[in-house]
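Everything below concerns the one structure shown next.
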Amino acid sequence: MQNIADSQITRVSGRHRVATHCPYCALQCGMHITGPREQATITGNIHFPVNNGRMCIKGWHAAATLQHPERLLTPLQRMAGGTFEPISWEEAIATIVEKFQQVQARYGKDALGVLGGGSLTNEKAYLLGKFARVALGTSQIDYNGRFCMSSAATAGMAAFGLDRGLPFPIADIAQAEVVILIGSNAAETMPPLMQYFESQRQRGGQLIVVDPRASITTHGATVHLRLTPGTDAALANGILHILIREGLLDYQYIQQRTSDFERVKANVALYWPERVERITGIPEAQLFQVARMLGEARSAIILTARGAEQQRQGVHNVLSYINIALALGLVGRPASGYGCLTGQGNGQGGREHGQKADQLPGYRRITDPLARQHIAGVWGIAEEALPGPGRSAYEMLEAVGQPGGIHGLMIMGTNPVVSAPNALHIQERLRTVEFMVVADFFLSETAQLANIVLPTTQWAEEEGTITNVEGRVLRRRCAFTAPQSIYSDSKILCMLAAALGKGAYFTYAEPRQIFEELARASAGGLADYAGISYEKIEEQDGVFWPCSSAEHPGTPRLFQERFPTPSGRARFHAVIHQAPDEEPDASYPLYLTTGRILAQYQSGTQTRRVEQLNAVAPHPWLEVHPTTARTYGITDGEQVQATTRRGSALFRAKLTSTIREDTIFVPFHWNGQQSANRLTNPALDPDSHMPEFKVCAVRIERASASSAMEV
Ligand SMILES: Nc1nc2c(c(=O)[nH]1)N[C@H]1C(S)=C(S)[C@@H](COP(=O)(O)OP(=O)(O)OC[C@H]3O[C@@H](n4cnc5c(=O)[nH]c(N)nc54)[C@H](O)[C@@H]3O)O[C@H]1N2
Ligand SMILES: Nc1nc2c(c(=O)[nH]1)N[C@H]1C(S)=C(S)[C@@H](COP(=O)(O)OP(=O)(O)OC[C@H]3O[C@@H](n4cnc5c(=O)[nH]c(N)nc54)[C@H](O)[C@@H]3O)O[C@H]1N2
Ligand code: SF4
Ligand SMILES: [Mo]
């Protein structure tokens, strides 16, 4: 009989077929990859209950990166002239260890920084956190989730005592009478998710979308609230104001399951409809319409994504929407609740197992003495040896080359030269670092600044687990052996640890052993994986955490009876709307907002290398309203220069009445002169440390002939 763990590896028409998951977004569509690797083909897995066989264009072409000619196959060293020369693994490891030790001897342990990412498997994210703290002894580790869903995570923790993006299975969306989708362009960022909105509509459900732009997501909406960028907290407060006025709240739920409502009630009294219309640009009548739709529904789901979260007041925005969910008694009820649509493949798991500056595995706080003792015990070190909290991602990048800052850097799974806000400044900082190592499978823009680049295996060449948008832990399977000359991230970390004299703490023969240790480390934590095993994931189509023992079935739905707060109640938070850090003025008269398009992924390292995706989206478009374009004499398709207080970039204009007249939009997947992040504002949310990617002030003009030619 076939081993359970291998039941998903079959032969079809003589070809080797492996069930696995997409390397890109948090939906983690189930797919089959059929070999041999030179002719790998991908098909949707119709049996996987999240995507039910559907995928998007990125998933269909995900095999292209495995065979790509630009793939890194040997460690590289940057030479004095800026060129890269291949070196052996022995040389690479020895150089890294020597330089790391030099940096720490000269500037102290915390002069070494580590940056991880939400595309790393749980095993790798866990190991990276342990590597930073045990092998390097630095407190300075953070990851790109800071730029992603950290505002929603902070808000979820504050309100519910726990942060799991969706506290219910995704299929619940189809059952809800009303869904409100806030700052999400799901039809481009998670296309197969739309099947749940489609069936929700077929059942007579209604969809409200809150976005300054009309997108393909808003096409199917019953109501589209085209708000002024950066005004979500005012909008949410205004909706709650009307719900109170119209007596549409669930007072029994408020009384039995929540605390601090009275303060919120007093606060939203100040957000009367006329005032909210002035701030948000949403007509009063629409505010009433939406409040009634939500308040009168028997079931409703409130979902936020990056539009509302990537702001200086991102945490407050989310809290103000959560207030509505609590006031209507939605959280923990059937086909109802609040959720955050997490973005990256392992954006959920990546935020649970210790690659975050203030966190230990199992979603434990690094400042909690009991958590420290537990983790030190699992790792076999003294609690005093465990560093404390470090800087958040943007703050770490800012501190590079500064006195008392970061002088050595190791990057695994992020490309901040493209994805960090105020990118020109970050690039400048990275040029001053004494020594930088980047592990990647391509020479990303960040890798191009590294002293040593380490080639690593890709998604289909290694085993591991990921935790999807629903908090469901899944298995990525190894479909092909990796090129012989490269190693996995985990193996690289173990080799480095050994060379640093810490090999005894890193003795794993395979990822499964790392997972078993992670499960033990997470035991008793909020994100408890103790009862999850590779076999159980196999048997149950994934396991929802928390899952505390082998007998525990996992927890698809959270908060049904109580909240994991000391009182067992969820907490309301009074939120005062604040203007964005930068508002349009005479010099920079428009709002700039940034985001994504269907055919490119993130910093583009992977998808800009896929021919079929580049054919669809070869360069960024700057979306501008025709009336606004006319004011500046800009015609469709011509080069436009966009300038903010941080820098300029060049884009082709796309005239479209889907956007507000006072706002322009550009996607951030490109680099150089097409980099949206040369423009963005790094103002940080004080609680989540999330940058304000979604709002800043910008000026546009027709590009001069000379600057246009440089594109
Ligand atoms: N194709 C593709 N899919 C992806 C990704 C990708 O790079 N490409 N990345 C993945 C990742 S990591 C993430 S985080 C998700 C992100 O997924 P989404 O959050 O859906 O994507 P974004 O395009 O960043 O932003 C969503 C919307 O927010 C709107 N918005 C801008 N300003 C505001 C505002 O002030 N308020 C409100 N309410 N809305 C506003 C924008 O107009 C945009 O349509 O996508 C995932 N999926
Ligand atoms: N203006 C603007 N900027 C944004 C955003 C926005 O909406 N607007 N969104 C932000 C958000 S939500 C996010 S999530 C970030 C994402 O931005 P990044 O963190 O830069 O995202 P990726 O392009 O996924 O970068 C991952 C890098 O690691 C490599 N990689 C992928 N998987 C692995 C792996 O398993 N191991 C190793 N070693 N390397 C790997 C890839 O090749 C790539 O070079 O961008 C943020 N930046
Ligand atoms: S929706 Fe996300 S997980 Fe599914 S195929 Fe597209 S990128 Fe991959
Ligand atoms: Mo993200």
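Throughout, read-outs are computed from the coordinates displayed, never taken from laboratory work. If you're wondering where the values come from, they're calculated on a predicted model, not measured in any experiment. A quick note on method: Cβ atoms are made from the backbone with ideal geometry, for glycine too, and the neighbour counts reach across all protein chains shown.
Here are some notes:
- Region 533-593: trypsin sites (Lys or Arg not before Pro) in DSSP coil with no more than 16 other Cβ atoms inside 10 Å: Arg557, Arg562
- Sorting Lys58, Lys356, Lys109 from the fewest to the most surrounding beta carbons within 10 angstrom yields Lys109, Lys58, Lys356.
- Dipole of the chain, positive direction: furthest Cα of Gly377, Ile182, Leu128, with charges on the beta-carbon: Ile182
- Normalised contact order of the chain, rounded percent, pairs of Cα under 8 Å and 6 or more residues apart: 19
- Annotation: average projected area of the chain is 30.0 square nanometres, based on the convex hull of Cα atoms across all directions.
- Rg/Rg_ref, region 9-65, where Rg_ref = 2.2 N^0.38 Å and atoms are Cα: 1.05
- Taking the Cα centre of region 347-406 as reference, the dipole from Cβ charges on Lys and Arg (+1) and Asp and Glu (-1) amounts to some 140 debye.
- For region 590-710, the Cβ-based charge dipole about the Cα centre amounts to some 140 debye (Lys, Arg positive; Asp, Glu negative; other atoms uncharged).
- Between Glu638 and Glu262, the contour length at 0.36 nm per residue exceeds the alpha carbon distance by 130.0 nm.
- Of the residues Ser567, Pro691, Gly44, the one whose Cα sits farthest toward the positive end of the charge dipole of the chain, with +1 on the Cβ of Lys and Arg and -1 on the Cβ of Asp and Glu, is Gly44.
- Selection from Gln101, Ser320, Val209 lying farthest towards where the dipole of the chain points positive, charges on Cβ: Val209
- Partners of Lys109 within straight-line reach, counting lysines whose Cα lies under 24 Å from its Cα and excluding those fewer than 8 residues away in the same chain: Lys99, Lys124, Lys130, Lys356, Lys491, Lys502.
- A Förster radius of 41 Å, combined with the Cβ-Cβ distance separating Val616 from Glu85, puts the computed FRET efficiency at roughly 0.70.
- Of all DSSP-defined beta bridges confined to the chain, some 50% are antiparallel rather than parallel.
- Other-chain or far-sequence residues with amide H under 5 Å of Arg365's (modelled H): Leu360
- Cα-centre dipole for the chain with unit charges at Cβ (Lys and Arg positive, Asp and Glu negative), debye to 20: 420
- Neighbour-count ranking [beta-carbon atoms within 10 angstrom, fewest first] of Arg475, Arg312, Arg203: Arg203, Arg475, Arg312
- Relative intensity of region 274-364 on a log10 scale, I(q)/I(0) at q = 0.17 Å⁻¹, equals -0.92, per a Debye sum over C-alpha point scatterers of equal strength in the absence of solvent.
- For region 150-340, the relative contact order is 31 percent, taking Cα pairs closer than 8 Å that sit 6 or more residues apart in sequence and dividing their mean separation by the residue count.
- Efficiency of FRET between Glu583 and Gln255 - r from beta-carbon atoms, R0 45 angstrom, step 0.05: 0.70
- Protection proxy ranking, highest mean first, for peptides 96-107, 218-229: 218-229, 96-107, where packing is the per-residue count of other beta-carbon atoms within 10 Å, averaged.
- Relative contact order [Cα under 8 Å, 6+ residues apart], region 277-432, whole percent: 12
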